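What follows is a set of notes on a single structure, which appears directly below.
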Amino acid sequence: MPRGKRKVGREDLQGIIELCRSVRSRGLNPFLVDVDDLVAVLRKYFSEWDAPEDLCLDAEALNEIASIIKLQSEWVKRRSTSLYTDPFLLEEKLRSLSNEKTAKVFLQAWHPIAELEQLSIRSLEEALRYWEDLLPLDERMLRERASKVEPGTVTREELVKSGILAEEAFLEEMRSLWRELKEKTGMDGRIRYWDFIGSQSYEESVRRAYLTSFLVTYGYATMEIYPLEDEIFLKPLKEPPLQIGRETLRWEKRKEQLFSIPVPISYEEWVEWRSRRRREG
Amino acid sequence: MEKQEAPRRLRGRRKAYYTMKMRRAVHLLLFKRHSKPGAKGWELRRSLGPDYMKVLKVLDDYLEKLDLKVNVVFEEGTGKEAPENPTPEQLNRARFYITLRGTLTPSETKLLGWRIDDIAALAITISYIISKDGKAPRKEVEDLLKVKLPGWRTETNLNRFIRYGYIGEDENGQLYLDWRTRAEVDTRKLIDLLLRTEVEEGSLNRYGRSVGSMKADDKGGRTG
């Protein structure tokens, strides 16, 4: 298979896997996925895969499609049972009923558990141990008294570490990251989030993600999010719309809609990104 | 004379046996020893013996007079409905609780520390999750609750329901029904009653109204 086609094929399979996973994890309607289309994509590439890792990727994609078919089957089964209630009907009812009526209805179906809490031997033992280890009050006061320190010198690093010089250093670091972002973006002016923040070590990746969040907040860059594909892109702006430093522009003056998006940077994701990066060469 | 005495003695001995076992079962079921109340089937079997289900049946009959009952909640994955003839393995893994047989009146819930608004919020949360096939995004539930409650109360309530075990939240921010709902709430009845309840006129304009009065509700008795 030609190298370019192989790359496109892998991306397609990865896309299928991500799509199926996001439908599964977010509890979306499984019929949003057109299984026939996905199978057609698998069929298109299957005869041309030769490397074991590509065949594994193909098998993984097939497995994800199978899980979507299972979800579809469960969905149909659930809707055909007497337990099924139209969510819109119920939501409408919940919206229109008063709080008293809703509570009254709930009380007719609620049978609370009868339970008693009490001290156990174990908790008594723990309390005794704590009491025995606890120093007398006068001794504790003695420890908390300030100690006398001789005058000395302090390095810049120590000041940064203690937070005194942190802001300037931080802003400088952020600006250099912005320059790097502008250099790294391709023809379409954007770069995959993980491709930008990802680094050789997990710690460094987390640090870059942390700085990137400020790039976006301060308007040095924007984020494009495609929830179904589970893709996030970063797009640098030519000039920051905000004056960084103490005199930041008021939020109301910004035209775009601002909202927070949590982006998890887990160790597993970093490992996955690294292996994908290695595969892609 | 001796012939009549023997069965009586046997009955007395059996009664004493079940009384003793019932006491032990009540201790296990009522006093909280772990993070969750109640006891697992295997714990009861170990403490009460292989005929623990019979002991629980006797206890359940006794508790009926006190408006309480022994409730069995089978492990998740056993199915939504309790199995008709559970296997010993299913019983071992099931959790047994003592719950109220009937229901509470609104004034009683006030004594338990629940405001009527909080109960309504719990009802809305549980029903909405059920309507979404057991999983709903937290954001959607919050938006629905905000129609009825102030924003800060919505978050406090949801966190409280999670802490109590009525609902759980997964890593994707999806809410699901947790162990306490499965133990305490008759979900099918709740949905049926909600759908059957008539909407009073003008209620559409009363969103967000704070409800405090519960005196009128006290007149209604138990249904259960």
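The numbers here are math on the coordinates, done by the rules we state, and not lab data. In this text, all values refer to a predicted model and were calculated from it rather than measured experimentally. Ideal geometry is used to build each Cβ from the backbone, glycine not excepted, and the neighbour counts take in all protein chains shown.
Placing a label point 7 Å from the Cα of residue A:11 along the Cα-to-Cβ direction, the residues of segment A:174-200 whose backbone N falls under 16 Å from that point are A:185-196. The H on the amide N of residue A:98, modeled in the peptide plane, is under 5 Å from the matching H of B:200, each at least 5 residues off or on a different chain. Measuring r between the beta carbons of residue B:85 and residue B:23 and using R0 = 30 Å, the FRET efficiency lands at 0.55. For residue A:117 and residue A:74, a Förster radius of 51 Å and the Cβ-Cβ distance give a FRET efficiency of 0.85, rounded to the nearest 0.05.
The order of the peptides A:171-180, A:107-116, A:129-138, B:119-128 by mean Cβ neighbours within 10 Å, most packed first, is B:119-128, A:107-116, A:171-180, A:129-138. Neighbour counts of C-beta atoms inside 10 Å place A:105, B:147 in the sequence B:147, A:105, starting with the fewest. With a 10 Å cut-off around each Cβ of B:174-185, the average count of Cβ atoms from other chains is 2. Per-residue shielding of B:96-109, expressed as the average number of other chain Cβ atoms within 10 Å of the residue Cβ, stands at 3. The three principal axes of the C-alpha atoms in segment A:1-123 carry coordinate ranges of 68, 50, 23 Å, sorted with the longest axis first. Taking every residue in B:186-195 and counting other chain Cβ atoms within 10 Å of its Cβ, the average works out to 5. Could you pull out the pairs from A:104/B:40; A:77/A:104; B:57/B:189; B:36/B:69; A:93/B:135; A:5/A:235 whose alpha carbons sit more than 29 Å apart here? With Cα atoms farther than 29 Å apart: A:104/B:40; A:77/A:104. Shape class for segment B:11-92, computed from the alpha carbon gyration tensor (a ≥ b ≥ c): prolate, with a/c not under 1.5 and a/b above b/c.
This model, with +1 at the C-beta of Lys and Arg and -1 at the C-beta of Asp and Glu, gives segment B:10-100 a dipole about its Cα centre of some 640 debye. In a fully extended conformation the segment linking residue A:63 and residue A:21 would gain 14.0 nm over its present Cα-Cα distance, using 0.36 nm per residue.
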